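Novice: Can you read through this structure? Questions will come right after.
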Amino acid sequence: MNRFATPWLALALAAMLGACASSGPTRDDSLYQALGEREGIEMLVDGLLFRISENQKILHHFTEADPGRLHRTLTEQFCELSGGPCTYSGDDMVTVHTAMRITEAEFNSLVEDLIQVMEHQRIPIQAQNRLLARLAPMRSEIIGL
Amino acid sequence: MGVPIRQAACLLLLCLPLAAQAGGGRLLATGGLTQLEGAAGGGLVPWAVLAGYGTADETGGTIAISHTVLPDYNLSMLGLAYTFYNRVEISAARQSLALDLGSGTEEIRQDILGAKVRLTGDLVYDTLPQLSLGLQYKRNRDMDTPEAVGAERKDGVDAYLAVSRLFLGAIGGYDLLLNGTLRATRANELGLLGQGGPDNDSYKLMPEISVAVLLNRSTAVGYEYRRKPDNLGLDESHWHDVFFAWFPSKQLAFAAALVDAGSVGPYDSQRGLYLSLQGSF
Ligand code: HEM
């Protein structure tokens, strides 16, 4: 290796390690704030569950679900995902959605419900997109199982 | 504007109420618009996305018209596209280029049949971006002018590989769409001036890109760039546009763009307005 490169590499490495060490305790809760904290998220989940109850495309999946539990676990999940002070206490996504054979269209239908609720509650588009970006990677643990 | 295209525009308006009853399971705007050659894409560039809103279990398509007004030309396009199970898109388009010759107008028409296959990935979800391979068979119907300027033949096939991805919330919380397309072509001005010419008669690889930002759930602004070969030695230009698209519903989309087509045939500084209307079903 070029002898000039070595000190720079060491410095870069140190900077990276430093960044890792310091990013631990300070969590970014800006999305949690933008969603209106715990109260805003509870309203969001209220709205979502209401829309699902009116959505004939996906309602049939929820006939045996426990709405009380769903409300609690979804709220925890959105809160945790957005950087809020919550811990998700539900089951993992694969376990929950296995054997439901949720299709892509059904998944998107729920996403559309969520978007409608966020629009209705005037959540800024940036916060909407950031929440959706954190939910999107879960799709493969939810559909087609 | 050619007569068939005008009739088709009426047809499109008649079809819209029908289209209003459909609506596939993909998210709003993820079917894109219809590009100049009839494939799902932006205005100029075919994207990896497939026409309409159907998911892996659905079928659906689009019908679109566009009109581009340039200082010395008008280009009209009518396109139909249909997608099977978010896997294969087939499309047919008719282009009509009207040249203002001062002494009168001349029309050059071209038919384009397209096919596009989604090879892998997804526009929004999963790890891989959407990757598609497309073909466009083009046949020029009015070869007098193209032959006069040296075009070798009236028909040809373009092949392209396109990759598209929507990055959710990527730019300060706004969604960012990136598309890159690499096309093998020997068409002159999309094929409106035939294929091949005295300066070059072999396939050239031409990159095309589109970048768009979604301002809210139903509107997007973007930029497109499309490189073109110069087979005829007429200083054929690369094309750019800045576009605005509005998706009021999954049934309808409008787009408007400022297009810079550079020099086309003998005329240069061809800058103008592109307008399009798309119905999805
Ligand atoms: C981003 C998308 C989704 C997320 C983040 C999500 C998340 C969750 C969560 C956190 C639970 C509660 C788990 C528990 O209490 O242990 C749950 C349960 C459930 N989900 Fe989803 N889900 C999504 C999409 C869907 C879709 C598209 C459907 C169906 C169309 C669906 C159907 C269900 C059902 C029926 C339950 C209740 C299961 C039960 O109580 O037995 N989910 N989901």
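The values are calculated or read from the model by the stated rules, or taken from the named source; none is laboratory data. For clarity, every value in this text was computed on a predicted model and none was experimentally measured. Cβ sites come from the backbone with ideal geometry, for glycine too, and all protein chains shown count toward neighbours.
Novice: So which of A:Ala133, A:Ala105 is within 19 Å of A:His60 (Cα to Cα) and within 13 Å of chain B (Cβ to nearest Cβ)? Let's see the steps before the verdict.
Specialist: Numbers: A:Ala133 fails: within 19 Å of A:His60 (Cα to Cα).
A:Ala105 is the lone residue from the list that is within 19 Å of A:His60 (Cα to Cα) and within 13 Å of chain B (Cβ to nearest Cβ).
Novice: Give me a count of the residues in segment B:149-186 that are in contact with a Gly (Cβ under 6 Å, 6 or more places away or on another chain) and among the small types (Gly, Ala, Ser).
Specialist: Here the count works out to 2.
Novice: While we're looking at this one, here's another question. Please go through segment A:63-96 and give me each residue that is out of contact with any helix residue (DSSP H, G or I) (no Cβ under 7 Å at 6 or more places or on another chain) and surrounded by 15 or more Cβ atoms within 10 Å (Cβ to Cβ), ordered by number.
Specialist: Across segment A:63-96, the qualifying residues are A:Arg72, A:Thr73, A:Glu76, A:Gln77, A:Glu80, A:Val96.
Novice: Go through B:Leu99, B:Leu75, B:Leu80, B:Leu36 for me and flag whichever is over 20 Å from B:Gly272 (Cα atoms), touching a strand residue (DSSP E or B) at 6+ places or on another chain (Cβ under 9 Å) and among the hydrophobic types (A, V, I, L, M, F, W, C).
Specialist: Values: B:Leu99 fails: over 20 Å from B:Gly272 (Cα atoms); B:Leu75 fails: over 20 Å from B:Gly272 (Cα atoms); B:Leu36 fails: over 20 Å from B:Gly272 (Cα atoms).
So the residue among B:Leu99, B:Leu75, B:Leu80, B:Leu36 that is over 20 Å from B:Gly272 (Cα atoms), touching a strand residue (DSSP E or B) at 6+ places or on another chain (Cβ under 9 Å) and among the hydrophobic types (A, V, I, L, M, F, W, C) is B:Leu80.
Novice: Give the residues of segment A:109-139 that are within 11 Å of the ligand (Cβ to nearest atom) and within 14 Å of the chain's Cα centre (by Cα), sorted by residue number.
Specialist: A:Leu110, A:Val111, A:Leu114, A:Leu131, A:Leu132, A:Arg134, A:Leu135, A:Ala136, A:Pro137, A:Met138, A:Arg139
Novice: Answer yes or no as to whether B:Leu97 is more than 14 Å from chain A (Cβ to nearest Cβ), over 13 Å from the mean Cα position of the chain (by Cα) and modelled with pLDDT under 95.
Specialist: Numbers: more than 14 Å from chain A (Cβ to nearest Cβ): yes; over 13 Å from the mean Cα position of the chain (by Cα): yes; modelled with pLDDT under 95: no.
No; evaluated as a whole, the condition is false for this residue.
Novice: Still on this structure, I have one more. Tell me, which residue of segment B:107-144 that is without any contact (Cβ under 8 Å) to a residue 60 or more places away in the chain and closer than 19 Å to B:Gly197 by Cβ is nearest to the other protein chains (Cβ to nearest Cβ)?
Specialist: That would be B:Arg139.
Novice: Looking at A:Leu145, A:Leu132, can you tell me which residue is part of a helix (DSSP H, G or I) and either at pLDDT 95 or above or not aromatic (Phe, Trp, Tyr) (or both)?
Specialist: None of the others qualify; the one that does is A:Leu132.
Novice: For the list (1) within 14 Å of chain B (Cβ to nearest Cβ); (2) over 17 Å from A:Ser30 (Cβ atoms), I need the number of the one condition that A:His71 fails.
Specialist: With (1) within 14 Å of chain B (Cβ to nearest Cβ); (2) over 17 Å from A:Ser30 (Cβ atoms) applied to A:His71, the lone miss is (1).
Novice: Does any residue of segment B:263-274 turn out to be farther than 19 Å from B:Ile108 by Cβ, assigned to a strand (DSSP E or B) and either more than 14 Å from every other protein chain (Cβ to nearest Cβ) or hydrophobic (A, V, I, L, M, F, W, C) (or both)?
Specialist: There is at least one residue in segment B:263-274 that is farther than 19 Å from B:Ile108 by Cβ, assigned to a strand (DSSP E or B) and either more than 14 Å from every other protein chain (Cβ to nearest Cβ) or hydrophobic (A, V, I, L, M, F, W, C) (or both).
Novice: A further question on this structure: If you go through segment B:127-139 one residue at a time, do you hit one that is more than 15 Å from the chain's Cα centre (by Cα) and within 20 Å of B:Ser96 (Cα to Cα)?
Specialist: Within segment B:127-139, one or more residues are more than 15 Å from the chain's Cα centre (by Cα) and within 20 Å of B:Ser96 (Cα to Cα).
Novice: Somewhere in segment B:30-39, is a residue in contact (Cβ under 8 Å) with a residue 24 or more places away in the chain, of a type in the set (D, E, K, R), in a loop (DSSP other than H, G, I, E, B) and surrounded by fewer than 24 Cβ atoms within 10 Å (Cβ to Cβ)?
Specialist: There is no residue in segment B:30-39 that is in contact (Cβ under 8 Å) with a residue 24 or more places away in the chain, of a type in the set (D, E, K, R), in a loop (DSSP other than H, G, I, E, B) and surrounded by fewer than 24 Cβ atoms within 10 Å (Cβ to Cβ).
Novice: It is to be established whether one or more residues within segment B:196-219 are out of contact with any helix residue (DSSP H, G or I) (no Cβ under 6 Å at 6 or more places or on another chain), under 19 Å from B:Leu36 (Cα atoms), assigned to a loop (DSSP other than H, G, I, E, B) and hydrophobic (A, V, I, L, M, F, W, C).
Specialist: No: segment B:196-219 contains no residue that is out of contact with any helix residue (DSSP H, G or I) (no Cβ under 6 Å at 6 or more places or on another chain), under 19 Å from B:Leu36 (Cα atoms), assigned to a loop (DSSP other than H, G, I, E, B) and hydrophobic (A, V, I, L, M, F, W, C).
Novice: Let me ask something else. Among the residues in segment B:160-169, are any under 22 Å from B:Leu113 (Cα atoms) and assigned to a loop (DSSP other than H, G, I, E, B)?
Specialist: No, because not a single residue in segment B:160-169 is under 22 Å from B:Leu113 (Cα atoms) and assigned to a loop (DSSP other than H, G, I, E, B).
Novice: If you scan segment A:93-108, which residues turn out to be of a type in the set (Asp, Glu) and within 8 Å of the ligand (Cβ to nearest atom)? Don't jump to the end; show me each part of the working.
Specialist: Within segment A:93-108, the first condition is being of a type in the set (Asp, Glu), and the residues that meet it are A:104, A:106.
Matches in segment A:93-108: A:Glu106 only.
Novice: While we're here: When you scan segment A:115-130, how many residues do you find that are within 11 Å of chain B (Cβ to nearest Cβ), under 15 Å from A:Phe50 (Cβ atoms) and touching a residue at least 24 places away in the same chain (Cβ under 8 Å)?
Specialist: 2
Novice: Just checking, does segment B:66-74 include any residue being farther than 23 Å from B:Ala255 by Cα, at pLDDT 95 or above and away from chain A (no Cβ under 14 Å)?
Specialist: no
Novice: Whether any residue in segment A:47-56 is within 30 Å of B:Ala56 (Cα to Cα), modelled with pLDDT of 95 or more, exposed (fewer than 10 other Cβ atoms within 10 Å of the Cβ) and not basic (Lys, Arg) is what I want to check.
Specialist: Start the filter on segment A:47-56 by keeping residues that are within 30 Å of B:Ala56 (Cα to Cα), which leaves A:47-56.
The next check asks that each one be modelled with pLDDT of 95 or more; those that pass are A:47-56.
After this cut, where a residue has to be exposed (fewer than 10 other Cβ atoms within 10 Å of the Cβ) as well, the list is A:54, A:56.
Checking which are not basic (Lys, Arg) leaves us with A:54, A:56.
Yes: one or more hits.
Novice: Restricting the search to segment B:168-199, which residues are over 19 Å from the mean Cα position of the chain (by Cα) and buried (at least 16 other Cβ atoms within 10 Å of the Cβ)? Lay out the reasoning, then the answer.
Specialist: Keep residues of segment B:168-199 that are over 19 Å from the mean Cα position of the chain (by Cα), which gives B:168-176, B:196-199.
Listed by number, the residues that qualify are B:Leu168, B:Gly169, B:Ala170, B:Gly173, B:Tyr174, B:Asp175, B:Leu176, B:Gly196, B:Gly197.
Novice: Another question about this same structure. Can you name the residue in segment B:59-82 that is in contact (Cβ under 8 Å) with a residue 40 or more places away in the chain and of a type in the set (S, T, N, Q) and is also nearest to B:Gln35 (Cα to Cα) among such residues?
Specialist: That would be B:Ser66.
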